[in-house]
């Protein structure tokens, strides 16, 4: 327990004193939130209804996708995991503790967003318990996705490639900037494949009591399944050292992480 | 020093088609400093990394205090302390945090006194990325021994260190040995191996080509003992005197230097000669071949081995 707390405290402090981590955990999401609150709510007053969940999802996605994977790759390539291994630091701790620390930072930013949202005359959740649980689940899911990217990426460049495959389409199609209901019909199934869409639909349906295109309870199930699957795959595919050729599985197995979202698309069409 | 704490038997490791280590066997006893020597690429680090559980071998057996590193790597961290040749710590981790972090995982109290002893007292709040190479190595050594492991594996521990720090590390290693710790020392520094190691093995192209104490190894070589003599009248040189077992002779400054295959008879004959000729001895030095010379003899292509 002492080791766990010591490790978590170190990772949490790193998230504050490392300039890159500080940028991805706090400055970027809060800066974007301030900009959206000031500008977007003036251009589109309807955005006030979704400002809080959209910016919470953005904060969670930014810290976990843009902030978490790179240090995992850099540490592996710098031989840090070798030092950890010979000193008895388990793989589970190496992966899960930075993710937990990133999730804590994302939750702090989420709390700041919720507390300051009245400044922008934003709608607040009707069901706070649902809002809190979906926030925790979304943070855990993006944390697991970030872990998996950190495990399969071979360099900083491949981290950028993998994260942008999720980040950019999520910004456009994930229901944060535009409701997926107003997307062309052909794009709606594509949108459902992104975790941001699942999180936004869960927030709007369960925490705000709005009508949603996707079944919000199913969205919670998809996020939960994705969280468990990505975490399991990250642990399974983890390697201590890129110079060591022995791997338990091919990195392409990470594509299995898409299964819950593909299932969600198929179910959405059937229902 | 009877009880074997580490046994390597017919060990083999290949990377694809390249065989890094083959047929390597050695044992190390409790309280022994065992040197693993060899040129770059000889297989030292591969052997050590397999002992540390970082890599798995392809054949043979490894055993550290009853634990097979490839099968039970989780049991190793209490038994061994390791200073890797290439290792890293998180860039933002301070020296104190590193000690606290790894001590927590080993379940022991942090040994901040080791940091002070190895000259890191002024750097305890400094981040790892801001330490010099020498300071990083000293920190790595502190971390390797902080949990008081019975076996300590050091891969090039003093490379890049200044003389004072190197001497302090040597003293620490000797103290650890005196406490019954076993040390495996991979080094390029022959003087270090000769000074510290009880026994050494020389690895060449993945195979052990010589094992023994530094004295045994130097004695079995074809190298000559150097007998340097300085006298008042320099009669040895002026008279062109010759002595038994001397293979060659040279002159440097005021010294006449004899390279002898058997220094006992050579020295006796020189002293007799000087006594007979009435020349006064000012200085006489006998230097056996160094481990470095023996190492070069073994590892240089085209030489004896």
Tally of residues being assigned to a loop (DSSP other than H, G, I, E, B) and out of contact with any strand residue (DSSP E or B) (no Cβ under 8 Å at 6 or more places or on another chain) across segment B:263-292: 2
Among (1) farther than 30 Å from residue A:126 by Cα; (2) surrounded by fewer than 18 Cβ atoms within 10 Å (Cβ to Cβ); (3) at pLDDT 85 or above - the single one residue A:209 does not satisfy: (1)
Filtered residues of segment A:19-35 (kept if surrounded by fewer than 19 Cβ atoms within 10 Å (Cβ to Cβ) and more than 13 Å from residue A:105 (Cα to Cα)): A:19, A:20, A:31, A:32, A:34, A:35
Some residue of segment A:238-254 being surrounded by 20 or more Cβ atoms within 10 Å (Cβ to Cβ) and over 21 Å from the mean Cα position of the chain (by Cα): yes
Matching strands (runs of 3 or more DSSP E) fully within segment B:18-90 where at least 2 residues are closer than 20 Å to residue A:78 by Cα and within 14 Å of chain A (Cβ to nearest Cβ): B:80-83
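Conditions (1) without any contact (Cβ under 8 Å) to a residue 60 or more places away in the chain; (2) crowded, with 19+ Cβ neighbours inside 10 Å; (3) in contact with a strand residue (DSSP E or B) (Cβ under 7 Å, 6 or more places away or on another chain); (4) more than 24 Å from residue A:85 (Cα to Cα), marked per residue:
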{"site": "B:4", "(1), (2), (3), (4)": "yes, no, yes, yes"}
{"site": "B:7", "(1), (2), (3), (4)": "yes, no, yes, no"}
{"site": "B:22", "(1), (2), (3), (4)": "no, no, yes, yes"}
{"site": "B:30", "(1), (2), (3), (4)": "no, no, yes, yes"}
{"site": "B:49", "(1), (2), (3), (4)": "yes, yes, no, no"}
{"site": "B:54", "(1), (2), (3), (4)": "yes, yes, no, no"}
{"site": "B:58", "(1), (2), (3), (4)": "yes, no, yes, no"}
{"site": "B:61", "(1), (2), (3), (4)": "yes, no, yes, no"}
For residue A:224: the one exception among (1) under 12 Å from the mean Cα position of the chain (by Cα); (2) touching a residue at least 40 places away in the same chain (Cβ under 8 Å): (1)
Single unsatisfied condition, residue B:216 versus (1) part of a strand (DSSP E or B); (2) more than 23 Å from residue B:112 (Cα to Cα): (1)
Restricting segment B:91-126 to residues that are under 27 Å from the mean Cα position of the chain (by Cα) and part of a loop (DSSP other than H, G, I, E, B), the residue that is farthest from the other protein chains (Cβ to nearest Cβ): B:119
Selection count, segment B:151-200, where residues are buried (at least 18 other Cβ atoms within 10 Å of the Cβ), over 23 Å from residue B:8 (Cβ atoms) and under 12 Å from the mean Cα position of the chain (by Cα): 1
Of the criteria (1) within 14 Å of chain B (Cβ to nearest Cβ); (2) crowded, with 18+ Cβ neighbours inside 10 Å; (3) closer than 19 Å to residue A:229 by Cα, which one residue A:96 fails: (1)
Number of positions in segment A:176-194 that are without any contact (Cβ under 8 Å) to a residue 40 or more places away in the chain and not in a helix (DSSP H, G or I): 3
Which listed residue, of A:122, A:138, is in contact with a helix residue (DSSP H, G or I) (Cβ under 6 Å, 6 or more places away or on another chain), part of a loop (DSSP other than H, G, I, E, B) and within 30 Å of residue A:218 (Cβ to Cβ): A:122
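Please find, within segment B:207-231, the residue that is farthest from the chain's Cα centre (by Cα) out of those that are under 25 Å from residue B:51 (Cβ atoms) and in contact (Cβ under 8 Å) with a residue 40 or more places away in the chain.
Among them, the one singled out is B:207.
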Lone unmet requirement of (1) closer than 21 Å to residue A:96 by Cβ; (2) surrounded by fewer than 24 Cβ atoms within 10 Å (Cβ to Cβ) for residue A:195: (2)
Test set (1) part of a helix (DSSP H, G or I); (2) buried (at least 19 other Cβ atoms within 10 Å of the Cβ); (3) in contact (Cβ under 8 Å) with a residue 40 or more places away in the chain - residue A:74 fails condition number: (2)
Residue satisfying all of: in segment A:10-43; within 11 Å of another protein chain (Cβ to nearest Cβ) and over 21 Å from the mean Cα position of the chain (by Cα); farthest from residue A:91 (Cα to Cα) among these: A:17
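The values are calculated or read from the model by the stated rules, or taken from the named source; none is laboratory data. Being a predicted model, the structure only gives us computed values, none of them experimental. Cβ coordinates were reconstructed from backbone atoms using ideal geometry, including for glycine residues, and neighbour counts include every protein chain displayed.
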